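The values are calculated or read from the model by the stated rules, or taken from the named source; none is laboratory data. Remember, predicted model here, so these are calculated numbers, not experimental data. All Cβ positions, glycine included, derive from the backbone under ideal geometry; neighbour counts span all protein chains shown. Only protein heavy atoms, including side chains, enter the accessible area calculation; ligands, DNA and RNA are left aside. Shrake-Rupley method; radii C 1.70, N 1.55, O 1.52, S 1.80 Å.
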Amino acid sequence: MSSAARGAGAGGVLAAFLRWREASIILVGVLLTLYFQAANDNFLSSDNLQTLSQFIAASAIIACGEIMLLICGEIDLSAGHVFALSPFLMHFANAAGAPIVPSLLLALVAAAGIGLVNGLITVKLKVPSFVTTLGTLYLLNGFTLTVSHGSPVDTGGSPGFANIMGASGYAEISWAFAIVLVMHFVLRQTRWGLHTIAAGGNLIGAAEAGIDVGRIKIGNFMLTSVLAGFTGIIEAFRIGSTDPLAGGTPIMFLAVAAGVIGGTPLAGGSGTILGGLVGAIVLGVLRDGFTLQGINAFTFDMILGGAILVAMISNIHLGRFGRGRAS
Amino acid sequence: MTTLLRATDITRQFGSVTALDGVSLHLEPGEILGILGDNGAGKSTLMKILTGYQPPSSGQIWIDGAEVALRSVDHARSLGIECVYQDLALVNGLSVTHNLFLNREILRGFPPFMLDNPAMRRRAREILDDIGVNIPSVDLEVERLSGGQRQAIAVARAVGSAARILLLDEPLAAMGARESALIIDLIQRLKGRGDMAIIMIMHNYAQTLEIADRIMLMQHGTVTYEGRAAETSVSELMEIVRRGYRAARSA
């Protein structure tokens, strides 16, 4: 094999590193961090790390759901609008007299219900998920704007609870790390993860082996909605106010981008949760780093687009090199 | 010994089309039955009936001397009938181990939903060693294996689930000589165990005569030849096929 021939000395170490799926994107992340720290001493200061962590957390959590969906061959475009709706549902339940914790749980159950609808329409009525969730995206957006009358509300909850949920410095990123770890475990070490990969890798083969692929897909739609709803809620606690225009398609696409940059192909059948976290970190570093340098939002989008292309091109080709595949 | 599988007078109609017209077969333990025939001869329909994928319009099936109505693929599987399809139901991105145990995963006692990967890896090694399949590592993703190795993994999966009647759909299709030899060896070793029987759907007459104990030739939904492989020649079969076509054309 060509990889064995190439695998001598330093080349072998490089090949071994690149064989690790998340390797190339970690490398990119480290280089970017070094660059921004060199360009601005404050980049790695604790104040900025806190800001950076807030850039990362939301997209990292939602990416966990989107990655599971991408692996089983689906996508959820409506996640960003579940993000916007969920804190309002919590707010209304709370305003109607329910304590904050049951209100929060109620909002998550509602989010799961939205995921269930996305999943049922996609699986049972055989509408491609891209179209299903495009429909629910607009539905949810309109609904959120209607019930909120288009204006923000206070998030509520006691200061202590708000701190745990996201208001204190590193609360949000702690949630993100915990969820990423759990989801990494689910993907790599449980039947659910294995069957998710099987459903995306060979739908007919998986069904032939007796796997209920519809159940797997619907479950992952529900999971994604719950994660998106939860992210919306902790963002609302962090900011202290619940905005009907929060989240939306930008946060959804940022999460999908984090997954894809991290090494999860859109084609399904494989993927990595840890890669999604690294992807979210790289996107966060880019945004925060350029913000520190005073580059405006328009430029940032151009850089983000370029970064997605570069990351994908290098992922496909470096990955192939690392795996010893010539063609 | 009791006949492992017996099917009598199997007929299957699709509207006005008769795909199978009174087909009978029997299969003894330790035997390899090769079913030959061109496209449209009814081989696949017969296969689907024997795997429980669809019921026959009429006819009976016995397993171990007891009559059964195969209700579903799962039902047929619970009776020990496993099929390895040509398109291989393997998942490319998963390891050999995970493919072997797909939907039959070994789980840890606690937490209850957690995969016991070391146990599955060990058992995968055992299954593959047992039937003499040689691959570098059970951790390899199957997309990195050759066609013959993949076919072997698919067969191993069927065998690993305690199959007694193994149906192989074109097991040598699109395979080079070396790859074919690998699968032929595997089939012979499975036969050597004596407790299972194999039905192979085949296109290549010479290969079938070499591997199978008994041959069935199907044309237009009926069996037009049945005999021991050792007493059958390719030219004899070709002559029957030609006669069948002439009869079909003049009919």
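So that you can scan it fast, the table gives a plain yes or no per residue for (1) touching a Ser or Thr at 6+ places or on another chain (Cβ under 9 Å); (2) closer than 30 Å to B:ARG121 by Cβ; (3) β-branched (Val, Ile, Thr); (4) crowded, with 20+ Cβ neighbours inside 10 Å:
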{"residue": "A:ILE164", "(1), (2), (3), (4)": "no, no, yes, no"}
{"residue": "A:TYR170", "(1), (2), (3), (4)": "yes, no, no, no"}
{"residue": "A:PHE177", "(1), (2), (3), (4)": "no, yes, no, no"}
{"residue": "A:LEU187", "(1), (2), (3), (4)": "yes, yes, no, yes"}
{"residue": "A:THR190", "(1), (2), (3), (4)": "no, yes, yes, no"}
{"residue": "A:GLY193", "(1), (2), (3), (4)": "no, yes, no, yes"}
{"residue": "A:ILE197", "(1), (2), (3), (4)": "yes, yes, yes, yes"}
{"residue": "A:GLY201", "(1), (2), (3), (4)": "yes, yes, no, yes"}
{"residue": "A:ALA206", "(1), (2), (3), (4)": "no, yes, no, yes"}
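For the stretch B:105-127, the set of residues classified as modelled with pLDDT under 90 and either part of a helix (DSSP H, G or I) or in contact with an Asp or Glu (Cβ under 6 Å, 6 or more places away or on another chain) (or both) consists of B:ILE127 only. Please work out if B:ASP64 is open to solvent by 40 Å² or more (accessible area, probe 1.4 Å), in contact (Cβ under 8 Å) with a residue 60 or more places away in the chain and touching a strand residue (DSSP E or B) at 6+ places or on another chain (Cβ under 7 Å). Answer is no for this residue.
Report, by residue number, each residue of the stretch B:71-110 that is among the small types (Gly, Ala, Ser) and on the phi > 0 side of the Ramachandran plot. Let's see the steps before the verdict.
Taking the stretch B:71-110 as the starting set, the residues that turn out to be among the small types (Gly, Ala, Ser) are B:72, B:76, B:78, B:80, B:89, B:93, B:95, B:109.
B:GLY80 - this is the single residue of the stretch B:71-110 that is among the small types (Gly, Ala, Ser) and on the phi > 0 side of the Ramachandran plot.
Of the set (1) polar (S, T, N, Q); (2) closer than 25 Å to A:ARG191 by Cα; (3) within 13 Å of chain A (Cβ to nearest Cβ), all apply to B:SER146 but (2). Residues that are on the phi < 0 side of the Ramachandran plot, free of Cβ contacts under 8 Å to residues at least 24 places away in the same chain and in contact with a helix residue (DSSP H, G or I) (Cβ under 8 Å, 6 or more places away or on another chain) occur in the stretch A:152-159; there is at least one. In this entry, A:LYS217 passes the filter for residues that are crowded, with 18+ Cβ neighbours inside 10 Å and more than 20 Å from A:GLY275 (Cα to Cα). Looking only at the stretch A:70-82, residues that are touching an Asp or Glu at 6+ places or on another chain (Cβ under 8 Å) and open to solvent by 10 Å² or more (accessible area, probe 1.4 Å) come to 1 in all. Here B:ILE240, B:ILE184, B:ILE201 are screened, and the one residue that is closer than 15 Å to B:LEU25 by Cα, open to solvent by less than 30 Å² (accessible area, probe 1.4 Å) and of a type in the set (Val, Ile, Thr) is B:ILE201.
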